[in-house]
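The values are calculated or read from the model by the stated rules, or taken from the named source; none is laboratory data. Please read these numbers as outputs of a predicted model, since none were measured by experiment. All Cβ positions, glycine included, derive from the backbone under ideal geometry; neighbour counts span all protein chains shown.
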Amino acid sequence: MNYSLQRALLSVSKTTTGSILRITEIRSLLAGGVRSKSQRKSFRTTLAMARKRAIAQQSTPNPSPSKRPRRATKKKEEAEPKLKFDLEWDFFGEKTSKGLHPLLELTGPAVKGSSKIAGFDLDYTLIRPKSGRKWPTGPKDWMFLSDAVPEKLKKIHDEGFKIIIFTNQRGMEKGYTTPKDFMAKIDDIITALDFPIQTFVATGENQYKKPGTLMWDRMVKKHNDGVTVDLEESYFVGDAAGRAKNWAPGKPKDFSCSDRMFAANIGIGFYTPEEFFDGEDKAIFEWRSVNPREVLERAKTNQLDDEYHLETKDFVIFTGPPASGKSSFYHHFLEPHGYVWVNRDTMKTQAKCIEAAKKAIAEGKSVAIDNTNPSTAARAAFIDLTKKKDYTVRCFVMDTPLEVCHHLNMVRQNQSSGKIRRIPNIGFNVYKKNYQEPTTKEGFSEIKKIPFYPVFENKNDEKLFLHWTD
Ligand SMILES: [Mg+2]
């Protein structure tokens, strides 16, 4: 034992003379005798540390003991090179299934809070690919949209505006670009502009993406030095402005209206890049989405019955697209009367839904099948369970227009801060494809249309309903 320790000590002392002092300490300890198991263990640890120190010294020429960097610090410096103006990237929110944080933010003490915010979209607002392609070929493939961009940004920066980039980067979630490459590009842009710019990035189809306002809300709450934002003075500039094809000669249609909606949802002014940087006249545009205020006004004229439950054994099968309000309706009108809730989103499989319905019937309870149930076959699977069981079987058809369901789908994601993920478009398409209008021939004693009538739990839910969604 002592022999192997001594051999190890010798090999350490050969690596550098700088460690001799510590090795001498070990030797003197060794001379004192190493007897117990714990003593031997602590010895081995001391030895391993001495060896590491010796190796570290060897790879760092002329180290001054007081300035020797700690390992952790060194590692961090290697991983994150210092950014311009000491800005720092922060990854925010629980990682998604794609292994991405939903929000990336770049800020630092060099960014000063201001009541005047000038927000900008990134792609085709501030920059475009230098290569002339539609999508950049890599992090270096960018140039300012025009010479006017850096000039104008400098001007408003000098006027006391805080310049912020708010960008949706769906390409990260899709795997077309990496956060690392994207962050390198932003650093290059800031270096070119030569003043600090706060940046917020939604990395995919999540609750932070424009036109939702969560990126803005976070900026106001956490990253504006507590300064209240003047909505009259602030504005947002973006190219997703809802302009039709040939809005200017030869120009393609804008891919969406999400930048304009973002500004409207916040309650600040909006400009297209051409309006802002080149002084062009206001362009004609379309929102390309339901107007939530109009939807709400119209819904107020809808009439709901006072009650929808029966005192006798009742079996209700809902039919309606995703996000048409089925669950809310159940919780409001049927749950209080003891109806058993059968819901595929929570039960996961059709087999489990059938099982739960059977059990409820066996117990003689009223039931609500809260699934989309678009087809005759989907509904028959449940109707069959009620045969000879003395149930009233009714169909409740959600009379919520499809475009309102699309809106509610996004609203739900926003109201739940992303906990309820939006149903992808394919969910709506499958519903449309399989839809067969329910008839009494299927075995329903009644088919009841349920008009759309939103009920808000609180002011914030109502506010988020009134936000434009795309
Ligand atoms: Mg853009």
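On inspection, ALA360 qualifies as over 37 Å from the mean Cα position of the chain (by Cα) and either under 30 Å from TRP216 (Cα atoms) or assigned to a helix (DSSP H, G or I) (or both). Considering segment 157-199, the residues that are among the basic types (Lys, Arg) and over 19 Å from PHE92 (Cα atoms) include one that is surrounded by the most Cβ atoms within 10 Å (Cβ to Cβ), namely LYS162.
Quick check, is ASP158 acidic (Asp, Glu) and either over 22 Å from ASP86 (Cβ atoms) or under 27 Å from the mean Cα position of the chain (by Cα) (or both)? Spell out how you get there, then give the answer.
On the way: acidic (Asp, Glu): yes; either over 22 Å from ASP86 (Cβ atoms) or under 27 Å from the mean Cα position of the chain (by Cα) (or both): no.
No: the conditions fail for ASP158.
Answer yes if at least one residue in segment 120-132 is away from the ligand (no atom under 15 Å from the Cβ), modelled with pLDDT of 95 or more, under 18 Å from THR191 (Cβ atoms) and not hydrophobic (A, V, I, L, M, F, W, C), and no otherwise. The answer is yes; a qualifying residue exists. Against the list (1) within 16 Å of the ligand (Cβ to nearest atom); (2) hydrophobic (A, V, I, L, M, F, W, C); (3) at pLDDT 95 or above; (4) not in a strand (DSSP E or B), the condition PHE166 fails is (4). Evaluating THR349 against the criteria (1) crowded, with 22+ Cβ neighbours inside 10 Å; (2) farther than 26 Å from PRO451 by Cα; (3) of a type in the set (S, T, N, Q) leaves one unmet condition, (1).
Cβ separations smaller than 7 Å between residues 6+ apart or across chains give the following pairs from segment 350-369 residues that are without any contact (Cβ under 8 Å) to a residue 40 or more places away in the chain and under 22 Å from GLY320 (Cα atoms) to residues that are surrounded by fewer than 17 Cβ atoms within 10 Å (Cβ to Cβ) and among the basic types (Lys, Arg): GLN350/ARG344; CYS353/ARG344. Of the conditions (1) crowded, with 18+ Cβ neighbours inside 10 Å; (2) within 16 Å of the ligand (Cβ to nearest atom); (3) part of a loop (DSSP other than H, G, I, E, B), SER114 fails just one. Which one is it? The one condition SER114 does not meet is (2).
Could you say which residue among LYS221, LYS300, LYS245 is among the basic types (Lys, Arg), under 21 Å from LEU103 (Cα atoms) and either at pLDDT 95 or above or out of contact with any helix residue (DSSP H, G or I) (no Cβ under 8 Å at 6 or more places or on another chain) (or both)?
Numbers: LYS300 fails: under 21 Å from LEU103 (Cα atoms); LYS245 fails: under 21 Å from LEU103 (Cα atoms).
Going through LYS221, LYS300, LYS245 in turn, just one is among the basic types (Lys, Arg), under 21 Å from LEU103 (Cα atoms) and either at pLDDT 95 or above or out of contact with any helix residue (DSSP H, G or I) (no Cβ under 8 Å at 6 or more places or on another chain) (or both): LYS221.
Starting from segment 160-188, take each residue that is under 14 Å from THR125 (Cβ atoms) and list its partners that are acidic (Asp, Glu) and modelled with pLDDT of 95 or more, counting only C-beta distances under 8 angstrom and pairs at least six apart or across chains. As it stands, the answer is ILE165/ASP121; PHE166/ASP121; THR167/ASP121; THR167/ASP123, since those pairs meet every condition given. The number of residues in segment 88-105 that are without any contact (Cβ under 8 Å) to a residue 40 or more places away in the chain, touching a strand residue (DSSP E or B) at 6+ places or on another chain (Cβ under 8 Å) and on the phi > 0 side of the Ramachandran plot comes to 0. Give me the pairs: first residue in segment 213-232 and farther than 14 Å from ILE268 by Cα and in contact (Cβ under 8 Å) with a residue 40 or more places away in the chain, second residue basic (Lys, Arg) and surrounded by fewer than 19 Cβ atoms within 10 Å (Cβ to Cβ), beta-carbon distance under 8 Å, and six or more apart or on different chains, which are they? Taking only residues 6 or more apart or on different chains, the pairs are ASP225/LYS112.
The conditions of being under 23 Å from LYS84 (Cα atoms), charged (D, E, K, R) and within 16 Å of the ligand (Cβ to nearest atom) are met by LYS185. Taken over segment 126-147, residues that are surrounded by fewer than 16 Cβ atoms within 10 Å (Cβ to Cβ) and out of contact with any strand residue (DSSP E or B) (no Cβ under 7 Å at 6 or more places or on another chain) amount to 10.
Restricting segment 241-267 to residues that are out of contact with any Cys (no Cβ under 6 Å at 6 or more places or on another chain), closer than 17 Å to TRP468 by Cβ and in a loop (DSSP other than H, G, I, E, B) leaves a set whose member that is farthest from the ligand (Cβ to nearest atom) is GLY267. Residue pairs whose Cβ atoms lie under 6 Å apart, sitting 6 or more positions apart in sequence or on different chains, and linking a residue in segment 406-418 that is under 15 Å from GLY204 (Cβ atoms) and aliphatic (A, V, I, L, M) to a partner that is modelled with pLDDT of 95 or more and crowded, with 21+ Cβ neighbours inside 10 Å, are MET410/THR469. Kindly establish whether GLU297 is without any contact (Cβ under 8 Å) to a residue 24 or more places away in the chain, acidic (Asp, Glu) and within 28 Å of PHE428 (Cα to Cα). So GLU297 fits the description; yes.
Scanning segment 363-384 for residues that are of a type in the set (A, V, I, L, M), more than 37 Å from the chain's Cα centre (by Cα) and within 21 Å of TYR308 (Cβ to Cβ) yields one hit, ILE383. Search segment 401-430 for residues being at pLDDT 95 or above and under 28 Å from ASP314 (Cβ atoms), and hand back the single one that is surrounded by the most Cβ atoms within 10 Å (Cβ to Cβ). Selected residue: LEU408. Of the residues making up segment 388-399, those that are at pLDDT 95 or above and either assigned to a loop (DSSP other than H, G, I, E, B) or touching a helix residue (DSSP H, G or I) at 6+ places or on another chain (Cβ under 8 Å) (or both) are TYR391, VAL393, CYS395, PHE396, MET398. For the condition in contact with a Leu (Cβ under 9 Å, 6 or more places away or on another chain), within 16 Å of the ligand (Cβ to nearest atom) and at pLDDT 95 or above, PHE270 does not qualify.
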